[in-house]
Amino acid sequence: MKVFTTGQVAKICKVAPRTVSKWFDSGRLRGYRIPGSQDRRIPREYLIKFLKEHGMPLGDLEDEAKAKVLIVAQDQVLVENVKRELPLERSFKVAVAASGFDAGIQAESFHPDCIIVDFSIGRTEALQICQNLRRNSEFADVILIALLPDDGSSTSFDRSSINETFKKPFDAALLAERLRTLIGAKKELV
């Protein structure tokens, strides 16, 4: 659990530290005092809740508060089904790429927590995307999920670079729940 000092909260909110102390002392901003001192600490989730309740911008906390998911697929129905199950306004931010090239560009700028690769774009291209991401140390912790087509062909390949596989057709709600679990283990989602 990440906690902030009143000074850090003041910087995030662009107010004076004394203002944050007043919010804290009046009970509007929840947190705790360090035993034996007057120092206050505000847990991240309370700060985010406070900012949202008062219509204040999340600023730098926005990236921390949302799970970023990159979907590499050409099937618009699949993309819409996954998006529908991920509460975009709350915990998730979704980007879409239609090719391996586009996926590389998106990954560099979007910095996703998870990349879902639909193997229907082409098995070779999909494997190449997964392998290229794992070769780049910047994406070593990114969760990779493969969506495998149920076309009867054998899908034997090195799965060591992939965290999870789902066989199509799959339940988008189940995939969304799995994303919450996997990403939630890495960062606190609001």
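Taking 25 Å as R0, compute the FRET efficiency from the Cβ-Cβ separation of Asn132 and Arg84 and round it to 0.05.
The pair Asn132/Arg84 has a calculated efficiency of 0.30.
From the backbone phi of the range 168-175, what are the Karplus-calculated ³J(HN,Hα) couplings (6.51 cos²θ - 1.76 cosθ + 1.60, θ = phi - 60°) in whole Hz, Gly and Pro given as x?
Going residue by residue, I get 7, x, 10, 8, 4, 5, 5, 4 Hz, with x marking Gly and Pro.
Can you give the longest run of the chain that contains no trypsin sites (Lys or Arg not before Pro) sitting in a DSSP loop with at most 16 other Cβ atoms inside 10 Å?
Result for the longest clean stretch: 91-158.
Answer with one residue from Ala98, Ala10, Gly184: the one whose Cα lies farthest towards the positive end of the charge dipole of the chain, charges on Cβ with Lys, Arg +1 and Asp, Glu -1.
Of the options given, the answer is Ala10.
With each label point set 7 Å from Cα along the Cα-Cβ vector, what nm distance links Thr165 and Asp75?
1.6
If all Cα-Cα distances of the range 3-63 are sorted into 10 Å bins from 0 onward, what percent lands in each bin, rounded to whole numbers?
23, 63, 13, 1
Only loop residues by DSSP count here, and only those with at most 15 other Cβ atoms within 10 Å; note down the GluC sites (Glu not before Pro) in the range 1-103 that meet that.
Those that pass, being in a loop and sparsely packed, are Glu89.
Counting Lys and Arg as +1 and Asp and Glu as -1, each charge on the Cβ, what is the dipole of the range 3-63 about the Cα centre in debye, to the nearest 20?
240
Taking only DSSP H segments of four or more residues, each worth -39500 (n - 2.57), what value at 222 nm results for the chain once the sum is divided by all its residues, to the nearest 500 deg cm²/dmol?
That comes out to -12000 deg cm²/dmol.
Checking the a/c ratio against 1.5 first, then a/b against b/c, what shape does the Cα gyration tensor give for the range 89-135?
Cα axes put the range 89-135 in the prolate bin.
Along the charge dipole of the chain, pointing to its positive end and built from +1/-1 on Cβ of Lys, Arg, Asp and Glu, which listed residue (Pro43, Asn81, Asn163) has its Cα farthest out?
Pro43
Per residue Cα convex hull volume for the chain, in cubic angstrom?
134
Test of understanding: what is the full-extension gain from Lys186 to Glu53, defined as 0.36 nm times their sequence separation minus their Cα-Cα distance?
45.3 nm
Which ³J(HN,Hα) values in Hz, rounded to whole numbers, follow from the phi angles of the range 95-111 under the Karplus curve 6.51 cos²θ - 1.76 cosθ + 1.60, where θ = phi - 60° and Gly and Pro get x?
10, 10, 10, 9, 8, x, 4, 4, 4, x, 5, 4, 4, 5, 8, 8, 6
From the gyration tensor of the Cα coordinates in the range 39-147, what semi-axes in whole Å does the equivalent ellipsoid have, largest first, with each one equal to sqrt(5λ)?
Rounded to whole Å, the semi-axes are 31, 16, 10.
Only Lys, Arg, Asp and Glu count, each charged at its Cβ (+1, +1, -1, -1), so figure out the dipole size of the chain about its Cα centre, rounded to 20 debye.
Charge dipole of the chain: 1200 debye, to the nearest 20.
Which percent, nearest 5, of DSSP beta bridges in the chain are antiparallel?
For the chain, the DSSP antiparallel bridge percentage is about 20.
Report the calculated FRET efficiency for Ile105 and Arg33 (r = Cβ-Cβ distance, R0 = 35 Å), to the nearest 0.05.
Taking R0 as 35 Å, the efficiency between Ile105 and Arg33 is 0.15.
Springs between alpha-carbon atoms under 10 Å, Gaussian network over the chain: tell me which of Gln38, Gln128, Gln74 tops the mean-square fluctuations.
Greatest mean-square fluctuation among the candidates belongs to Gln38.
What pairs from Lys2/Lys93; Lys2/Lys68; Lys11/Lys68; Lys11/Lys83; Lys93/Lys168 go past 28 Å between their alpha carbons?
From Lys2/Lys93; Lys2/Lys68; Lys11/Lys68; Lys11/Lys83; Lys93/Lys168, over 28 Å: Lys11/Lys83.
Every number in this text was worked out from the coordinates using simple rules, so none of it is lab data. As the structure is a prediction and not an experimental result, all values here were calculated from the model. All Cβ positions, glycine included, derive from the backbone under ideal geometry; neighbour counts span all protein chains shown.
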